[in-house]
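Take a look at the structure set out below.
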């Protein structure tokens, strides 16, 4: 494959295409995205998956494995890994939600001791005692709190915990439906993988890499892998930090029983970290709700823990880990996230950042090979014919 030398001329886009063709192209893309949003989204997801798996297929090709067989091997491994992960996640979520619901039910309904009281009533007495012994006798929450607990009743608690179990089971069912619904994306991405070498040759033949650089497809793969590695590392760091902090809170008794659910909460925190900006706050919700049911003071400890984690994340972890992975202006990231939410909701947020990373790489690649024909801004030159002056007749004529 011939590479374009450093001083090779760029492909120039004529002025009439700039004036007519580019606006019409942008209008066509907008109309297509509005009318075929779901189809466009599926193809974009398929393209991202294909670019992620293409290096593995290419590695098998170097080992003399036919491309069709290499695609099949890579996809079987990819599908098995995703399926096992979803099944494990759904099983853990349902199991832990059921255990937590039973614990909440016992907390509000089972009476122990003399006089018989629930754990919630005993904790309410402890809070009121702490207020009375610290000069806050005017703050009376015991009576109102007990009325609230009595009004809840066993049936109401059971109703809410049953709803929580039903929600978890429905979430597990949705996870399995997503697996089957992704068949279309897998089929499209398989066709993309099979045709990717031919597509790469077409692009490289028309727009060869300049200055001996890498081809376009390799640059796209590198950008996507850089983003994925940075995001996975970030999720692991935040999830591990949450697991360590929650385990310490449970082991020291500040949040009783939360160390039993450390793995489930940490997995949720690591998963929500994939959602930019909103993810860190979503990850703190389940542990905070659990702590509220256990003890009001426990919720404060959990809130302080996640506040500290988020501060370290925003000022230390993210700049170090994602600084070189994304290379996008923060304003563009915010715009992309808002656009992703508007167009395709939660899934749009997950896809928009790797898509922006790919678009940035394509812009850098083509801007080095394409230029716009300049528009004349000065006066238009006009040819003027100058007549020679008449010569005077010599004397004597």
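Since every read-out is calculated from the coordinates, none of them should be taken as a lab result. Since we're looking at a predicted model, the values are computed, not measured. Note: ideal-geometry Cβ built from the backbone for every residue, glycine included; neighbour counts use all protein chains shown.
The table below lists the values:
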read-out: Most to least packed among 40-46, 226-232, 260-266 [average Cβ atoms within 10 Å]; value: 260-266, 40-46, 226-232
read-out: Protection proxy ranking, peptides 299-307, 338-346, average beta carbon neighbours within 10 Å, highest first; value: 299-307, 338-346
read-out: Region 241-303, relative contact order [Cα under 8 Å, separation at least 6], %; value: 31
read-out: Estimated FRET transfer efficiency (residue 22, residue 307; beta-carbon r; R0 41 Å; 0.05); value: 0.30
read-out: Length added when fully stretched, residue 271-residue 240, from 0.36 nm per residue minus Cα-Cα; value: 10.0 nm
read-out: Relative packing of peptides 287-297, 185-195, 22-32 - highest average C-beta neighbours within 10 Å first; value: 287-297, 185-195, 22-32
read-out: In nm, spacing of pseudo-spin labels at residue 36 and residue 282 (7 Å Cα→C-beta vector); value: 2.9
read-out: Principal axes of region 207-372: Cα extent on each, largest first, Å; value: 65, 31, 23
